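Step one of this worksheet: look at the structure below.
The values are calculated or read from the model by the stated rules, or taken from the named source; none is laboratory data. Computed from a predicted structure; not experimentally measured. All Cβ positions, even for glycine, are placed from backbone atoms using ideal geometry, and neighbour counts span all protein chains on display. Please note that ligands, DNA and RNA were not included when accessible areas were found on the heavy atoms of the full protein model with its side chains. Shrake-Rupley method; radii C 1.70, N 1.55, O 1.52, S 1.80 Å.
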Amino acid sequence: MVLQSSLKNCLQLSCILRTPKAGFNSTTSGGLIIQSVSNDVYQNLAVEDWIHDHMNLENRQVLFLWRNSPAVVIGRHQNPWQECNLRLLRQKNIKLARRRSGGGTVYHDLGNINLTFFTTRKKYERMENLKLVVKALKALRPQLDVHVTDRYDILLDRQYKISGTAAKLGRTAAYHHCTLLCNADKFVLSSVLKSPYKGLKSNATPSVPASVKNLFEKDPSLTCEMLLDAIAEEYATQHQIDHRITLINPADETVLPGINNKTKELQTWDWVYGKTPKFSISTCFNMVYKDSVLDVKVDMDVKHGRIEVCNIDLPEQWLPPALWSELEKSLTGSKFCPNETTTLATTLLRVCPQDDELHSRWNLLCENMIMLM
Amino acid sequence: VCIHRVRSCSSIRFIKSKYVCVFDKSALKFSHQQRLFRTSAVSCGQIVQFKLSDIGEGITEVTVKEWYIKEGDSVSQFDSICEVQSDKASVTITSRYDGIIRKLHYNLDEIAYVGKPLVDIEIDASKGVAPEEDVVETPPMSHEEHTHQEIKGHKTLATPAVRRLAMENNIKLSEVVGTGKDNRILKEDILNYLAKQTGAILPPSPKAEIIPPLPKSETLPAAPKDKARKIPVPVSRPIVFSGKDKTEPITGFHKAMVKTMSAALKIPHFGYCDEIDLTQLVRLREELKPLAQIRGVKLSFMPFFMKAASLGLLQYPILNASLDESCQNVTYKASHNIGVAMDTEQGLIVPNVKNVQVCSVFEIASELNRLQSLGSAGQLGTNDLSGGTFTLSNIGTIGGTYAKPVILPPEVAIGALGKIQVLPRFNGKGEVFKAQIMNVSWSADHRIIDGATMARFSNLWKSYLENPASMLLDLK
């Protein structure tokens, strides 16, 4: 069933928000289906925050449908260095976002759909939501072998994970969101979700790796649009509302006042990296300098994304001790970030003795340190 | 009703009391918390154990992931206390009380149990507000109109500070429209209400302009535009400013900059400024821009400025030198690695283009494009940021005419370029014409560079730019 554009409603969301009874008659249990017009992960996460903070969910539940351009999304209490290949993300310009719900790390691209079920805290019920999704999938393609596990995953053919779940509970509202793999790039997914960083010790929530598969691989006639439509229809049926999807623009301040601030906050370094629980790195690497190979041992403690303690073990006299302790001191308190370290190191170089040999050793050491970040 | 008085001493254990029968059970939701009620104010606070409420789905234990408060902090009702996690769900626990945190029962990453104490809060009843006010779920025990009201079937939410402000100004909370979360009444709402009463108009505050999300009452808010157009008129009412100074340590890159700039100021600077007529260069660039575009490169004025500077440095190599720490030796650098000051989110960084002396204007432009895109992505490498020998700072892209740039050690000279302005000037025939004028401000290390050298270099650089064709004669 192809979604017709006439089903996508032009009804102003602001009207729905201000006069709750508009569009629904008193016999309905109250439900609303909205879809984001944006593919920006930060904007979409901000919409979730906004609904969670501002919408009255007492008499109405909301289903939010969204898709993102390539991004890696880590859980609230996770460590990005542990979960993904940050170097690769930077190279490929893939965004990194931290969501407010718990759970593990996922890769999003336009071949993946996201569903968020908003309810009051009392009505928070993940299993029901996932069963709804499975019912919708089976209605669309009855031969699909999909079921919900007790870990709140959806498996295809009892083997492959096609959906992961996470949730956020606040004082009065709650949401449960999940992904659904339709036609995502599995190659990029597996390469970005593999961390190259060694020697990390952390209490952050670890992700549980799983074999994944796209629904498209099982049935090439499936598209994201079809899945979204099927799920919306099932939701509409279960909540006894019209199968009408309202489009929202996450940049529109008149409909969602304060949304742009939420979007900005989700993009700050302090949120994405700074919220990483305290962790330590204990590792060593080899540096090739001219004809010799040097062993360097590094121990660092990182708290709030900043280096709290920094110990670099170098062969004696390779760098003048004063300079070496200067580097350790400067790194202390600095962000655990390649850009910060590069600019810091090159700026410090200006006040060092002007010696080419010294400069090339310094740059070599700094480049290797940066590889850890 | 059992009433207990407890001294505000954190070591004394909380004594259980019976439930007060007036509880509105439907508002209780999941908690089974104990409460103390008093009929008279006591000077010391009472310690209340705030227990972890039910998470749902039959969950009995969670992991404490983050504390938002620490012992000794004061909290208001609905402030976030901590974040706990259970099986992929992250839960924000908020305070039920106003008071001071006296004890945290768990450390980070410890398992917390539903129904067991999470934190101890000392409720301070000596603020002069009746204790019923602190907890909204109870129906009004007193009939004071000021502090605790019901609007159209639901209760008003307001912090004690807001309630006090309302009381001081004899305002009924029921008549104030709340614009905060859950229709909470904020300080701004009280002030706005006051302003309407006195007939004066308040300067618009950011919060007042936000349309309240889903007002439960039918009144729609005034359009923000109206408020923005009104001119603020001074009102004789207490202006409440709750801003606080914020102190942060200087770390990382900024700490390094402090070091560098302190070293820079030790260099005896002298300045030399001049005006350049870029009329011909502007015309030339307009012609060349599309050609560069075809080759995929954005052509600005900088490549011309840099190439001209390099040609000048060939004649006056002392400007591309470096003085050692003891000021005993001058090293004349062979490469012209010209740095370009770049303004990024982090602050001022100076990547450089290597060996400008052997690069064409196009090659310089192409390299600048590469550095600019890396700079905005925060991905410049150590090689790009080190090894500079001379710097140009195009502050004119932001604004300004003349400047007093600071030399970046270990260099000995720097130039700041102002913005290009269209100004009237006289030509050789005494006629006024439209000229594109840019100002340059040079700073140089007076220990090894004298004014005459700087002036001659500047004149040469100026002549190349005022008459770009002359650059052709000397290009290598």
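Averaged over the residues of A:164-173, the number of partner chain Cβ atoms lying within 10 Å of the residue Cβ comes to 6. Diffusion coefficient (Stokes-Einstein, Kirkwood radius over C-alpha pairs, 10 °C, 1.306 mPa s) for region A:32-273: 87 µm²/s, rounded to a whole number.
Normalised by 2.2 N^0.38 Å, with N the number of residues, the alpha-carbon radius of gyration of region B:270-473 equals 1.01. Using alpha carbons only, the radius of gyration of region A:279-372 set against its Kirkwood radius gives Rg/Rh = 0.94. Restricting the GluC sites (Glu not before Pro) of region A:54-159 to loop positions (DSSP other than H, G, I, E, B) with no more than 15 neighbouring Cβ atoms within 10 Å leaves A:GLU58, A:GLU125. Round to a whole number: what % of the accessible area of region B:378-463 belongs to carbon and sulfur, probe 1.4 Å? Summing carbon and sulfur atoms, their accessible area is 55 percent of the total for region B:378-463. The trypsin sites (Lys or Arg not before Pro) found in region A:43-118 that occupy coil by DSSP, while having at most 13 further C-beta atoms within 10 Å, are A:LYS92. Each eigenvalue of the Cα gyration tensor of region A:46-163, multiplied by 5 and square-rooted, gives one semi-axis; in descending order these are 25, 21, 13 Å.
Rg and Dmax, both from the Cα atoms of region B:46-123 and both in Å, are 11.6, 36.
Here the contact order of region B:270-473, divided by its residue count and restricted to Cα pairs under 8 Å and six or more residues apart, works out to 29 percent.
Per-atom-type breakdown for chain A gives carbon and sulfur 51% of the accessible area (1.4 Å probe, protein chains only). Taking GluC sites (Glu not before Pro) across region B:409-476, the ones in a DSSP loop with at most 16 further Cβ atoms lying within 10 angstrom of their Cβ are B:GLU431. Here is the P(r) of region B:291-345: all C-alpha pair distances, binned every 5 Å from 0, give 4, 15, 18, 17, 16, 13, 9, 4, 2, 1, 0 in whole percents.
Our Cα-only numbers for region A:196-323 put the radius of gyration and Dmax at 25.5, 76 Å. With the charge dipole of region A:256-373 set up from +1 on Lys and Arg Cβ and -1 on Asp and Glu Cβ about the Cα centre, the Cα lying farthest toward the positive end among the listed residues A:VAL293, A:HIS359, A:LEU349 is that of A:LEU349. With 24 Å as the limit on Cα-Cα distance, the pairs of A:LYS264/B:LYS259; A:LYS275/A:LYS335; A:LYS168/A:LYS335; A:LYS135/B:LYS65; A:LYS297/B:LYS70 that go past it are A:LYS264/B:LYS259; A:LYS168/A:LYS335; A:LYS135/B:LYS65; A:LYS297/B:LYS70. Seen from a random direction on average, the alpha-carbon convex hull of region A:120-230 projects onto 8.8 square nanometres. When Rg and the Kirkwood Rh are both derived from Cα coordinates, the Rg/Rh ratio for region B:320-361 amounts to 1.11.
Counting Cβ atoms of other protein chains within 10 Å of each residue's Cβ and taking the mean over peptide B:239-252 gives 2. Working note: 222 nm ellipticity from helices only, DSSP H runs with n ≥ 4, each -39,500 (n - 2.57), summed and divided by the residues of chain A, gives -9500 deg cm²/dmol to the nearest 500. Label-to-label distance, B:TYR113 versus A:GLU225, with points set 7 angstrom from Cα along the beta-carbon direction: 5.6 nm. For the chain pair B and A, the buried solvent-accessible surface (1.4 Å probe, both sides summed) amounts to about 5000 Å². Partner shielding of A:72-82 amounts to 2, given as the average count of beta-carbon atoms from other chains within 10 Å of each residue beta-carbon.
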